[in-house]
1. Kirkwood Rh over alpha-carbon pairs of region 105-188, then Stokes-Einstein at 4 °C and 1.567 mPa s: what D in µm² s⁻¹, rounded to an integer?
2. Whenever you get a sec, compute what percent of the accessible area on region 1-64 sits on carbon and sulfur atoms (1.4 Å probe).
3. Hey, what's the Kirkwood Rh for region 149-188 if you take every pair of different alpha carbons, in angstrom?
4. Could you tell me what fraction of 2.2 N^0.38 Å the Cα radius of gyration of region 67-117 comes to, as a two-decimal ratio?
5. Which percent of the Cα-Cα distances in region 1-136 go past 26 Å?
6. With everything on Cα atoms, drop me the angle between helix 163-178 and the longest principal axis of the chain, reported from 0 to 90° to the nearest 10.
7. Which of the lysines could a cross-linker span from LYS26 if the Cα-Cα distance has to be under 24 Å and same-chain partners fewer than 8 positions apart are dropped?
8. Evaluate the relative contact order of the chain (contact order divided by residue number), counting alpha-carbon pairs under 8 angstrom at least 6 apart; express in whole percent.
Amino acid sequence: MAKGKRPTLKFNSAGFVELYKSELMKTTNEIMKAFEKDVKMRLNKAKNDIEREESIAEGKNIISAKITAYAQAIIESYGTGSKMDTSNPYLEEYKSSDLWNPARKGLAISGRPAGKYTNILGEEKISSGSMEGKNLEEISPLFQARTPTMAIQQAEQWLKENTGYFEHELNLFQQKVFSNINQFFVYN
């Protein structure tokens, strides 16, 4: 064999990693779109209170995707007052926040103490205090407890249990990434 430059096979790992990340972000977006669609399908009135953000690369090794459920979607999904779904993972955080009525002893919607307060929708309100601590669900139809639709909870359950859907999306991802892997090999 003659001395000199010998042919070398090289792999463009940086290019492959970029393709891999790009396709994984697309797959993540597809999964989150399906989740968003499932939640909205189950909601009655608060369909516009769900917002999905496109996935982003956070640092070198993390891809993040986010869906935000705003107050009306949470109210509809988890219910209100004595009918609320107490398995809400954020219920204790809500109860310990300034949004929770300090005069509320149980789950039933009750009158607030006199003064200004901010409701769950972020609106400033004023209470006379005349109904403080009283169960408003029993007094007025304006304060009836709402039965939860379980829209968010059921969509989360679907996402956790639907391994066939994940397998399908991950198979598509693998096909896209590995079907053209030869483009990252350079022989010279």
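The values are calculated or read from the model by the stated rules, or taken from the named source; none is laboratory data. These figures come from a predicted structure and were not determined experimentally. Virtual Cβ from ideal backbone geometry, glycine too; neighbours counted across all protein chains shown. For the accessible areas, the whole protein counts, side chains as well, though only heavy atoms, and no ligand, DNA or RNA atoms are used. Shrake-Rupley method; radii C 1.70, N 1.55, O 1.52, S 1.80 Å.
1. Numbers: Rh = 18.5 Å.
The diffusion coefficient I find is 70 µm²/s.
2. Details: 2480 of 4700 Å².
About 53 percent, which is the carbon plus sulfur part of the accessible surface.
3. Values: mean 1/r = 0.0785 Å⁻¹.
That comes to 12.7 Å for region 149-188.
4. Values: Rg = 11.6 Å, N = 51, 2.2 N^0.38 = 9.8 Å.
Taking the Cα Rg and dividing by 2.2 N^0.38 Å, one obtains 1.18.
5. Tail of P(r) above 26 Å: 51 percent of Cα pairs.
6. Helix 163-178 sits at roughly 30 degrees to that axis.
7. Of all the lysines, those that pass the test against LYS26 - Cα under 24 Å, at least 8 places apart if same chain - are LYS37, LYS40, LYS47, LYS60, LYS66, LYS160, LYS176.
8. On the way: 256 pairs, mean separation 50.7, N = 188.
Rounded, it is 27 percent for the chain.
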